[in-house]
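Worksheet: the structure to be examined is printed underneath.
Derivation of every value follows stated rules applied to the coordinates shown; laboratory data play no part. What you see is a predicted model; the values in this text were computed from it and never measured. Quick reminder, even Gly has a Cβ in these numbers, built from the backbone with ideal geometry, and neighbours come from all protein chains shown.
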Amino acid sequence: MVRVGTFLRGVAAIGILSAVLYAGPVSAASNSGKDNASRRMQMPGARIRQRPQISIDAIRALNLIMRTENKEDPTYLESRRVVSDGVAARLSLDAAELHRAWSRAPRDHQIAVLSALTQLGVPYIEGKEDSYVKMDCSGLMWFSWRTAGVDMPRQAVSQLDIRMRVDRENAIMGDVVGEGTHVQMFLGIGLAMIHAPFDGKFVKFKIMSAEQAARVAWTNPSNIATYRL
């Protein structure tokens, strides 16, 4: 029940954030006659709209896929394409290739990646997994994959468990990649990742070096039991 509760709270949060985003910015003129309390109530939405554009687009796409079992829904696909094009542009990746890689991925993997993207720019704090507030590397994986309905272990070493291992050539978007106590999420092509590095201080993108890619472990969290899809 606790696990389902965590999942439902995540879904509710995504819905609230999407409602805020779709509401659009409030004009300065409409606020001119309101008191300080009213303005303070509008601040969370304003802060969310100031997040990276990729995160905002990911929230919208995530809200759509969480409301349907059909990952081929045209409205969702259009929204997801906006996200993948944004990622491709940011990392100088082939947009068509990235789109194809994301299209091949199962629904839970797509949800996990979109969830991770909503956290871009969130500060790194060791031992935390508070969405939109603070994250560490394994907390980002935990949050993202639990949003996708997978009972993801919290610790980095457990997220690299041998029972979830996959060969690098078989890896797909959303798979967890790492070594030691640091983990990151594969974005589907090349060596593009999203992670929460302790030295970077916030959730961000990364292109992994070929040297590191040769020594890290690759795991598919959906190889373990799911509690909700």
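Scan region 124-135 for residues that are touching a residue at least 24 places away in the same chain (Cβ under 8 Å) and surrounded by fewer than 16 Cβ atoms within 10 Å (Cβ to Cβ) and the total you get is 1.
Here is a yes/no grid of residues against (1) touching a strand residue (DSSP E or B) at 6+ places or on another chain (Cβ under 6 Å); (2) among the β-branched types (Val, Ile, Thr); (3) closer than 28 Å to LYS134 by Cα; (4) not in a helix (DSSP H, G or I):
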{"site": "GLU69", "(1), (2), (3), (4)": "no, no, no, yes"}
{"site": "GLU72", "(1), (2), (3), (4)": "no, no, no, yes"}
{"site": "LEU77", "(1), (2), (3), (4)": "no, no, no, no"}
{"site": "ARG81", "(1), (2), (3), (4)": "no, no, yes, no"}
{"site": "ALA88", "(1), (2), (3), (4)": "no, no, yes, no"}
{"site": "ARG100", "(1), (2), (3), (4)": "no, no, no, no"}
{"site": "SER103", "(1), (2), (3), (4)": "no, no, no, no"}
{"site": "GLN110", "(1), (2), (3), (4)": "no, no, yes, no"}
{"site": "LEU114", "(1), (2), (3), (4)": "no, no, yes, no"}
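List pairs: first residue in region 146-167 and in contact (Cβ under 8 Å) with a residue 60 or more places away in the chain, second residue assigned to a loop (DSSP other than H, G, I, E, B) and among the polar types (S, T, N, Q) anywhere in the structure, Cβ distance under 7 angstrom, at least six positions apart or on different chains. Final answer for the pair search is MET164/ASN220. Across region 48-107, the qualifying residues are those that are in contact (Cβ under 8 Å) with a residue 24 or more places away in the chain and touching an Asp or Glu at 6+ places or on another chain (Cβ under 7 Å), and the one among them that is nearest to SER144 (Cα to Cα) is VAL83. Restricted to helices (runs of 4 or more DSSP H) entirely inside region 129-229, those with at least 2 residues that are under 12 Å from the mean Cα position of the chain (by Cα) and more than 24 Å from GLU97 (Cβ to Cβ) are 137-147.
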